[in-house]
1. Looking at the square roots a ≥ b ≥ c of the eigenvalues of the Cα gyration tensor of the stretch B:7-231, which shape do they give, rounded for a/c under 1.5, prolate if a/b is larger than b/c, or oblate?
2. Report the charge-dipole magnitude of chain A in Debye, nearest 20, computed about the Cα centre from +1 at each Lys and Arg Cβ and -1 at each Asp and Glu Cβ.
3. May I ask for the angle, rounded to the nearest 10°, between helix C:128-149 and the longest principal axis of chain C, with both axes built from Cα atoms and the value confined to 0 to 90°?
4. Taking other Cβ within 10 Å of each residue's Cβ, how do C:Ile41, B:Ile115, A:Ile359 sort, fewest first?
5. Which residues' amide hydrogens lie under 5 Å from the amide hydrogen of A:Ile101, considering only partners 5 or more residues apart or on another chain, with H built in the peptide plane?
6. Could you list which residues have their amide H under 5 Å from that of A:Ile347, counting only those 5 or more apart in sequence or on another chain, with H placed in the peptide plane?
7. Given the options C:Val36, C:Val236, C:Val125, state which has the largest fluctuation in a GNM of chain C using a 10 Å cut-off (strictly under) for Cα springs.
8. How large is the charge dipole for the protein assembly as shown, taken about the Cα centre, if only the Cβ atoms of Lys, Arg (+1) and Asp, Glu (-1) carry charge, to the nearest 20 debye?
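Nothing in this text is a laboratory measurement; each read-out follows from the coordinates by a stated rule. What you see is a predicted model; the values in this text were computed from it and never measured. Glycine also receives a Cβ, built like all others from the backbone with ideal geometry; neighbour counts cover every protein chain displayed.
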Amino acid sequence: MQRMMLTACAFALACVAAVPSMPASAKETVKIVYIGPLTGGNAALGLGGRNSADLAVQLHNADAKAKYTFDLVKLDDQCKPDIGVQVATKAGADSSIIAGITHYCSAVAIATVDTYHKFGLPVIVWGAVLPAITYGNDYPEIHRVNGTMINQNEVNAKLVTSLGYKTWVIIHDTTDYGKGHDEYFTKFLTQDGGKVLADFGVGADQQDFTAILTKVKELHPDVVYFGGLTPIGVRLRSQMDKLGIQSQFEGTSGIVSDSYIQALGPIAEGTIAFIDGAPIEKLPGGKFFLDQYAAHHYAEPPEAYGAYAFVAANLIMDAIEKVGPNRKAVTAELAKTKDHPSIVGPITFDAHGQNIVPIVTAYVVQDGKWVVWQDSDYAKGKRKLAGRK
Amino acid sequence: MDPGVAAQYAFNGLMLGVIYAMVAVGFTLFFGVLDVIQFAHGDVVMAGAFVALATSLALHALGIAVPALVVIVVACAAGLAMALVGALIARYLVLPLRAAPAFNTLLVTLMLGSILRELVRLFYPNGSNPQPFPRLLPTVSKNLGNFTLRLDSVILLVTGIATIVMVNLVVRRTRFGLAIRAVAQDSDTARSMGIDFERVVLVTFAIGSALAGIAGVVYGLYYNEVNFDIGLLLGVIGFSAAVVGGLGSIYGAILGGFLFAALQTIGSVALPVSSAYNNVFAFAVVIILMTWKPTGLIAERPSERA
Amino acid sequence: MTLAEPVTVADWLLTCRGLTMRFGGVLALDSLDLHVVQGEILGLIGPNGSGKTTFFNVLTGLYRPHAGRVEFAGRDITGHSPQQVCRAGIARTFQRSRLCLPLTVLDNVLIGNHPRLDNGVGFNVFRRRALRHQFDEGVETSRCLLATFNPDLAARLFDAAATLDMIDRRRVEICRALVNAPTLLLLDEPSAGMTHGETRELMDDILQIRASSSALTIVIIEHEMNVIERMTQRCVVLNYGEKIAEGPFRAIASDAAVQEAYLGQAMTT
Amino acid sequence: MRSHIAVAAAAFAVGGVWLWAFLSTDSVWLFASLIVVAVLAFAFFQRFDAAGRYRRALATRPRRAALFAVLAVAGVAGGLRDQAYPLLMLCTVLLFVVACIGLNIQTGYCGIVNFAGAAFFGTGAYTAAVLSAHGVPHLFAIVAGGIVAALVGSLLILPVLRTRGYYAALVTIAFGILFSTFLEVNSALGGPQGLKLPGIDLFGWRFNRDIQLGGASASFYVNYLVLSLALALAAFVFARRVERSWLGLAFDAVRLDETAAATFGIGIARAKIIAFTLGNLLCGISGATYAMMQGFIAPNNFTFGESLILVSIVILGGIGNPLGIVPAALVIIVVPQKLQFIQEYRFLLYGCLVILILLFRPEGLLPRPLRNYFPESSA
């Protein structure tokens, strides 16, 4: 009896050990992966990115001339580094996946670079802005289409100082995103002769800022700079209004979203913010993107970084079309990317796979829309920003 | 410090405190009757805010624009809806787990909280983004030096305090309140005295949750913005306030709520270090308080006889 | 049992002088003088809230008295911690059953034996063989002890205490108090929540135990006067934390002050 | 008797196959059917005490049981040897099991509710990060992680001793939030951008290298699996021995009735300090190992939310039963990842799932059985 049973279980174990792992079978359809935050606080941007990448894939698959049809695997990194490493491993270890459009949250992106390198999976970061993601290593697999926070803060400081503002209060959330922006903006602002009166860090889930803002009110700064994302940006702006703070409000790429305006209504008027890349709606491709996005009836808006996910997906698919579904070849091909036309302007990867973004676009909210600064009534002097005569 | 500014801090603190207190009272009521913690309470506040929001939009669509009327309807809608939710939670999630260790209730309500969050995020139009909350109250403001006092804030402050007082009266003065307190003291004896235990629990949860719903409305009207993820932190702070004050005591909960608000205000403006430490400060003080008064500032019950 | 020769102070096992305990304004014990003679069974009676249980709690170190002094076996144990009092040889039962219901009968009894058990982390985790030895001893003592009360109880050593009925729970509680062979046993209303029949049984058990180890001194709080009459040689009557009478049951039962104190409450005899 | 053992062995084998399929499948349908199978099997064993006989039989042979468990996991590892992702998940589960066994000693045995599990987990992780960055031998770094966690825990001893129940819960909640906020705001330990860690290197054996044995090759995660399995097994045996001893008895007495415990000479403070320290030690050790496996840590790995995950595992498994932690960890950690196919709807479904489980099993998956000091002899 016992012997029989033991042999049985030995046999069972043997079977388990013997089963081979699924072989990669990618003939006509090629798998690529999208990774971003689909749940939790940053879901809005993650979903926007996912829809945009999905849009790119659908448009490509609709194209008759294409050699391959693409299958977009979508994974949720919850904006948590450890989960990020898990899903990155999932994608990297799955040899049928050729390349990835990965990560909005910098902490996750920085956590996963080693994993992608280990598995040789070429990825293009579509949203994370921390410089170290590309410049902190020399892994050929890692690329990024959006600029780093360095670029936008440099331009930001130049513009606002040129407007004649003198004093700033900086408020930033204590995530990598906010802290990074705080660091670089302070650096460039002081270079350009601006003065930082105070610097407040706030929790990413904080709700009440009246205490801090009362202190700000005491300081009477010309400008309040905010490094962080839309939800807190909205709260700050509306609580500033509640306390009757008259200072100009400016933000980073994190608040360039339709929901910022939608949530604030008239108060949003005059808010300045910057994103790294050409003004989408001005490029022919960008117009096309927005129209197509609308045509596909996605539940969520593309948000600030949707366009980048779209571009990243296209870069990858073009590369695969060119060199076939092979990670090494794709990595090599992506490295060659130079002046590749895209809806955010031509893409050129430097030695670190970082897109040398030529353009940073300044936006200002005018009549409930994000308007490119140069075309705005404010630039033309038809309207006045807060505190400008 | 400039008196105007000081007044501003004080007022902001009070506003915050009222919201916390409204949440904390719910926690303390639930604990009173069942010795359980309803961890989704913060998300009930959030849900209340969104019900209010939806109602106000509906009214707007119907062309009803009398602010006063709208406010009242909206508040009632949120209160009633959450009262129902609370009763349902008690009936189908809390009471069934009475036999089990109290902490299993905690896990269930924890999961319920994340479900509420996800439901709003996924099924409220564009729910993963912050939603504007209509300014339904007169926003005329008075500037006294550096002190900006807005009528809507005052109204909210008064309303909040009034609601808490009402709940307190219900518990202290009415027959039903007597039943609640009886159950809180000793549920078995209360039962033997012919009190319908289950009914008491359901109604208590309804009352507490209605309070949370109204807290949601106050929140929305004060900040003019609601987001699906405000619940977790509100819940934790409400819980902390209730415990610091002393579970089972309404006055304790109120005290705790205002105390916590004060700590956060001090933490973000009066500390030499970065204001980002305000939570570090607040919770550090909480730990010290608990060490000093292990059963809360207003002790829960007389020390049990051995 | 009657005491042949007159009792001298030398025979006093426990002596309390001016014991005072306040709760807020209320005087639970009001400078109470009380002694327990070696080997006797002392009845502690009095109306509800007269401070009987408080007295036990002070004695066992759960409360620290505001004034007064407790002497046990010649040593001052005033304000000692419960652990110290326990080690000094005083054990008790509680008015409300205080068994650990989710644990086995054995576990509950052994909790009383705790001072004798080796409690070091290293010992418990790594020296399993030695632990095994102590365990077997523990099982044996518990079994014997339970058997003297009720043989079937001894058979249920490994059942959960929750599965026992009231009287057996009381028995287990008393075993828990006895297993560490205390010199003074404090029984707090052992008859509470039991029928007269059960109470009688339980008292028989207690007397039997005591017969087997005459060293055991007992103080018993009771409302059932017939129990007091049957068990005790001497009674102390408390009222509002003060001793209002002392002596053999017959004597105090007829005492006017006691009648007064019990006015309304029937002195069931 | 012997045949019972054999049947139990077969059960382990079947379990191994199930686990292998559960971890490696990408097919929604296979996943769903595996869940159904598990539920049915569970229900069956509940309905008729079929499992009981074999469990008891096995309980009398603890070494044999451990052997089977190891064999089963080894089999699974063999089946997954070149699939990094399932291996990673398995390691994660095992390491969380270690941490939760620690929490279980605190909450389940001694009744100290700890909502700062992630904080002590994180303390271990950051200790490992700092030490390994300074070239301290990794084995030592991991042990140090545990010790430092225990030391940090001693900061809380006083409030934890004075408070009970939800009041103690608040103390730990406060500490947990305080901890993660501090890490995020203060950039001394990398701030929000976190810290990188090297892969484990034990006596020259580099864990991050894929394994080449003769012809066969295996993912480097097999290294970590072996380590995590060893840790989990050790922690389990340790917890079991603590429970089945005078120490465990004292813990229970303290949890159930402090007053009574005190009157019978049990040192309340001593018991609580021991339980709290042991628990944090385990949390720290698992945290340190987890960090080195991940290769990167950041403050938002150790938030209040993560603490709640740890507590959830303990509760779901059945408070006080280390055995229940294993299936609970599978549910809490692996299922959400398996639900990736429904993307943003995962946590909705997942939440409902857990609530259902608790409504059907209010006491948790495997409620704690009566204490049996020496099951191997009570055959």
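1. Note, shape of the stretch B:7-231 comes out prolate.
2. About 220 debye.
3. So the helix axis and the longest Cα principal axis differ by about 40 degrees.
4. Lowest to highest Cβ neighbour count: A:Ile359, B:Ile115, C:Ile41.
5. Distant-sequence amide H within range of A:Ile101: A:Val33, A:Tyr34, A:Ile35, A:Ile124.
6. Counting only residues 5 or more places away or on other chains, the set is A:Asp339, A:His340, A:Ser342.
7. C:Val125
8. 1060
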